[in-house]
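Report on the following structure.
A short reminder: the numbers here are calculations on the coordinates, not readings from a lab. Since this is a predicted model, take the numbers as computed values, not measurements. Every residue, glycine among them, receives a Cβ derived from its backbone with ideal geometry; neighbour counts consider all protein chains shown.
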Amino acid sequence: MHVKYYKVAGITVEVKSDFPIGESTFHLKFRQFEVDAIGDDTVHIEHHFYIPESIETLIAEGNNIYSKNQWKILKIDNQWIYDFRSMVQTDPGHSAMGVFSEDYSNLSVFTTDITRRKYRNAKFHSLALFNSDQIMFAQLLCNRKGAIIHSNGFDINGRGILLMGASGSGKSTLSRMLKARGAKILCDDRIFVKSIENEYWIHGNWCHGSVPDTSSGSAELNQIFFLEKSTTNSIEEIQDKKEILHKLLQALIHPILVENGWEKTFSLIEGMVKRVKCYRAKFDLTGDICNAIFNP
Amino acid sequence: MAIDLSKHYRKTNDLIAREIEGELVIVPLKSGIGNLDAEMYALSATGIAVWNLLDGQSTLEEIIKSLSEEYQASNEEIKADVIELLDELLSKGLIIER
């Protein structure tokens, strides 16, 4: 089999394929995450280009957990079956069936929708051949004291900061202003957070939003800014922990979780509420707010 | 769904709840699993007081009476709040009739 390795948030993903993996099989954004070998914490993905008969049995006998839009998700014994039917016909992978192990550390993906030639230049946005790897990493992170948070993340001189807010709150606008002043973006729209001994680290990753603006960097989470567009600039620390809790829960991208998974996720959120300084940031379009973010 | 004050209501078994910073965060589960679009609910202190009494042992009338004594508020005042909360909890499938 053909093999490549990618590393994000301390997790190495080994991708093995029946077809040769070309320089353009995966989108260019993956290059910065590529590593040479497996690491201490490695998960495994295999790409196969046939549909085994056993999958039909699993689907027939599986417990239907979720069925919406392009996803049908089933559970049988200690396996999870993800049946992905792309709604975007121009996607190179179209549809794929994934069989995950109980802890999501092993995934076999089956598809017949792509030829060897197309696979070589497919520029996939997901190592799992789905529309995103978010669904896989949300599970993997949950088992590693982590989660995915809907936010834009930056490394500013070694300080990790997150920008959060509802659609239209100005995340993209402020991100552009910070980048123009030299802040290093970790990821647009989705940030991997992991807890290590009461510290929180944010990690760039490839599960971005509409713009593949991402890096493989990491930083210790120092501040969270909840954004409000305004005609003035101000930063005010939020003292009300309940308000922080509500805002973090709104920004949590949670996977399908059994009870134990929720306990872990609650622990992570509770720790963040207690320990991470959170601010209400009002800003106008002058960019003056950036000075306060760069020099807290 | 109309709330009947003479009935007993209790929490479903298929949920997970955790108190964080004085708020009770509740997630509905389905056969022990919370889905991708499972919504989370957070109850404040007064909501938690009602939630804790929804054990299927007392009628809603009894719960309202007990809360109005505890909070020294009128039955009518408490009743309005309880019915509003029960309506929401029922519609989200977090509680059922005993």
| field | Most mobile of A:Ala147, A:Ala37, A:Ala96 in a GNM of chain A (Cα contacts under 10 Å) | value | A:Ala37
| field | Backbone HN-Hα couplings from phi across the stretch A:169-176 [Karplus 6.51/-1.76/1.60, Hz, Gly and Pro as x] | value | 7, x, 4, 5, 4, 5, 4, 4
| Of the cross-linked pairs A:Lys282/B:Lys79; B:Lys30/B:Lys65; A:Lys7/A:Lys184; A:Lys4/A:Lys277; A:Lys171/B:Lys30, which ones have a Cα-Cα span greater than 28 Å in the structure shown? | A:Lys282/B:Lys79; B:Lys30/B:Lys65; A:Lys4/A:Lys277; A:Lys171/B:Lys30
| request: First select every other residue whose beta carbon is under 13 angstrom from the beta carbon of A:Lys242; then total the charges, Lys and Arg +1, Asp and Glu -1. | output: -3
| Estimated [θ] at 222 nm from DSSP helical runs (n ≥ 4, -39500 (n - 2.57)) normalised by residues in chain B, nearest 500 | -12000 deg cm²/dmol
| request: Give the order of A:Thr173, A:Thr25, B:Thr12 when sorted by the count of other beta carbons within 10 angstrom, beginning with the fewest. | output: B:Thr12, A:Thr173, A:Thr25
| query | Which length gain, in nm to one decimal place, applies between A:Ile238 and A:His2 when the Cα-Cα distance is subtracted from 0.36 nm times their residue separation? | reply | 79.9 nm
| remark: Its Cα gyration tensor gives the stretch A:182-296 an equivalent ellipsoid whose semi-axes in whole Å, largest first, are 25, 19, 14
| query | With labels modelled as points extended 7 Å from the Cα through the Cβ direction, what inter-label distance (nm, one decimal) is found for A:Tyr50 paired with A:Gln70? | reply | 2.6
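Quick one: longest stretch of chain A between exposed loop trypsin sites (Lys or Arg not before Pro), exposed meaning at most 13 other C-beta atoms within 10 Å and loop per DSSP? Write out the running numbers ahead of the final one.
Numbers: sites that count: A:Lys123, A:Arg181.
Between the exposed loop sites, the longest stretch runs A:1-122.
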| said: Kirkwood Rh over alpha-carbon pairs of the protein assembly as shown, then Stokes-Einstein at 4 °C and 1.567 mPa s: what D in µm² s⁻¹, rounded to an integer? | reply: 56
| Relative contact order computed over chain B (Cα-Cα under 8 Å; 6+ residues apart), in percent | 39
| Which whole-Hz couplings ³J(HN,Hα) result when phi for each residue of the stretch A:29-39 is put into the Karplus expression 6.51 cos²θ - 1.76 cosθ + 1.60, θ = phi - 60°, listed in order with x for Gly and Pro? | 4, 6, 3, 5, 9, 6, 10, 8, 7, 5, x
| field | C-alpha center-to-center spacing [the stretch A:257-296, the stretch A:125-192] in angstrom | value | 12
| field | Cα centroid separation, the stretch B:64-98 to the stretch B:25-58 (Å) | value | 14
| By the scheme Lys and Arg +1, Asp and Glu -1, what is the net charge of all other residues having a beta-carbon under 14 Å from that of A:Ser67? | +3
| query | Could you give the angle, 0 to 90 degrees to the nearest 10, between helix A:241-251's Cα long axis and the longest principal axis of the Cα atoms of chain A? | reply | 40
| query | Between rounded, prolate and oblate, where does chain B land on the alpha carbon gyration tensor, with a ≥ b ≥ c its root eigenvalues, rounded for a/c under 1.5, else prolate if a/b exceeds b/c? | reply | prolate
